[in-house]
Amino acid sequence: MKVAAIYARVSSDQQKEEKTIASQTAALVEFARSEGYSVPDEWVFQDEGYSGASLVRPGLERVRDLAAGGEIQAVLALAPDRLSRKYAYQVLLIEELARHGRKR
């Protein structure tokens, strides 16, 4: 079975109040199940209250570590802007994650 990590992020108080991080996670868990991915509970990462303008976030750093270690085949996020608000950072992260995925 393919193994994935889930990454969800919200930055604003309004998003926190609307519980969008929970809805992101729930949608991603369902998507993983429908696509045949196994997602260990400890590999569901949520960065609540962190800006997407920075790449220094605890959950994102852990996802990057898992990818670098070859422990996952995919990172599931609701949209690219959950990884970063900056397009250049999105591209950087996607390329980094894809590069690690090709090592297998």
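When Lys16 is tested against the conditions (1) within 12 Å of the chain's Cα centre (by Cα); (2) charged (D, E, K, R); (3) modelled with pLDDT under 95, the lone failure is (1).
Mind listing whichever residues of region 20-36 are surrounded by 12 or more Cβ atoms within 10 Å (Cβ to Cβ) and either polar (S, T, N, Q) or assigned to a loop (DSSP other than H, G, I, E, B) (or both)?
Taking region 20-36 first, the residues surrounded by 12 or more Cβ atoms within 10 Å (Cβ to Cβ) are 20-29, 31-32.
The answer is Thr20, Ser23, Gln24, Thr25.
Could you check, for region 75-96, whether at least one of its residues is charged (D, E, K, R), part of a loop (DSSP other than H, G, I, E, B), within 23 Å of Arg33 (Cα to Cα) and modelled with pLDDT under 95? For region 75-96, residues charged (D, E, K, R), part of a loop (DSSP other than H, G, I, E, B), within 23 Å of Arg33 (Cα to Cα) and modelled with pLDDT under 95: absent.
Taking (1) free of Cβ contacts under 8 Å to residues at least 24 places away in the same chain; (2) under 11 Å from the mean Cα position of the chain (by Cα) in turn, Ala26 satisfies each apart from (2).
Just one of Tyr87, Tyr7 is on the phi < 0 side of the Ramachandran plot, surrounded by fewer than 14 Cβ atoms within 10 Å (Cβ to Cβ) and aromatic (Phe, Trp, Tyr); which is it? Break it down into steps so the answer makes sense when it comes.
On the way: Tyr7 fails: surrounded by fewer than 14 Cβ atoms within 10 Å (Cβ to Cβ).
Sole residue among the options that is on the phi < 0 side of the Ramachandran plot, surrounded by fewer than 14 Cβ atoms within 10 Å (Cβ to Cβ) and aromatic (Phe, Trp, Tyr): Tyr87.
Checking Val39, Val75 one by one, the residue that is surrounded by 13 or more Cβ atoms within 10 Å (Cβ to Cβ), more than 19 Å from Val91 (Cβ to Cβ), touching a helix residue (DSSP H, G or I) at 6+ places or on another chain (Cβ under 6 Å) and not polar (S, T, N, Q) is Val39 and no other.
Of the residues in region 40-49, not one is at pLDDT 95 or above and on the phi > 0 side of the Ramachandran plot.
The values are calculated or read from the model by the stated rules, or taken from the named source; none is laboratory data. None of these values were measured; they are calculated from a predicted model. When we count neighbours, we look across all protein chains shown, and the Cβ atoms used for this are built from the backbone with ideal geometry, even at glycine.
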